[in-house]
Amino acid sequence: MSGPVLLFDSGVGGLSVAHALRQHYPHLAMCYACDNAWLPYGLRDDVTLSQRIVSVCKAAVDACQASVLVVACNTASTLALEGLRAALDIPVVGTVPAIKPAALRSQTRHIGLLATAATVNRPYTQMLINSFASDCVITRVAAGELVTEAEAWLSGIPINQQRINLALTPLWQATQANPALDTVVLGCTHFPLLKTELIRLSPVPLVWVDSGDAIARRVGQVAPTITSSAQDGRCFTTASASQLTNGLARFGFHAPQQLSIPNAV
């Protein structure tokens, strides 16, 4: 395999995973694809969305001749990993909420799960909690507003601190509970992009845990780290995204190209 690692997300959240990959493998060849025409994924029905994800990922893999696909999106991973692995002949790495590492780090046994409503409510998320954090209090906070804020931030729009604070009120309240919340799972790949702001707004010091490091380690296990590719840095979108050009450049990606998707739903 000599092609780049391709990261896929509904929007810009996968850039947080790209950052983690860069930290582990500074010279890794990467491409990025986002299905911004269908953002946010949480509003779509599961069957149609799963078909859409497979179509977009196949087109992006073909466009950049990828050697590994990283599905840097919790919703897409939950719905489409099986279909993607059946449709592609390259390794496919998924994303799951970092419940296990959060449970290992929490001292008070009270964990916050910060994610989209779809991830917070999925049976798969409950299965992870039952398996790895059954002795923990879990405060679930659906904060889709943070997806919007992360997308806007990467476009150069100032962060709306009041909106974030309002969305995270249940999380902040849980820090005063008994036992007090001490660890937060960032269960959407968009959210680590706002981590500096979240730390600043938090009323108490918290441990913030995301999936980036685990994904990076898994990529290293399934494929050699590709350090040279003519495709390196290419970015694909499914709708116009010129407003993201400067933000993408901060993560090492070129101006986005609109992806042609045969037989897309």
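Bear in mind these aren't lab numbers, they're just calculated from the coordinates by the rules spelled out. Computed from a predicted model, the values in this text were never measured in an experiment. Cβ placement follows ideal geometry from the backbone for every residue including glycine, while neighbour counts extend to all protein chains displayed.
Before moving on, here are some points about what is shown:
- Matching residues in region 210-246 - criterion: being under 18 Å from the mean Cα position of the chain (by Cα) and either hydroxyl-bearing (Ser, Thr, Tyr) or buried (at least 20 other Cβ atoms within 10 Å of the Cβ) (or both): Asp210, Ser211, Gly212, Ile215, Ala216, Val219, Cys235, Phe236, Thr237, Thr238, Leu244
- Search result, residues across region 184-226 that are of a type in the set (Val, Ile, Thr) and under 16 Å from Glu149 (Cα atoms): Thr189, Thr196, Ile199
- Test: residue in region 142-160 that is under 17 Å from Leu206 (Cα atoms) and not in a loop (DSSP other than H, G, I, E, B): no
- Evaluating Asp62 against the criteria (1) over 29 Å from Pro4 (Cβ atoms); (2) free of Cβ contacts under 8 Å to residues at least 12 places away in the same chain leaves one unmet condition, (1).
- Qualifying residue in region 69-77 (condition: crowded, with 24+ Cβ neighbours inside 10 Å and free of Cβ contacts under 8 Å to residues at least 60 places away in the same chain): yes
- With a requirement of 3 or more residues that are of a type outside the set (Phe, Trp, Tyr), the strands (runs of 3 or more DSSP E) lying completely within region 165-265 that satisfy it span 183-186.
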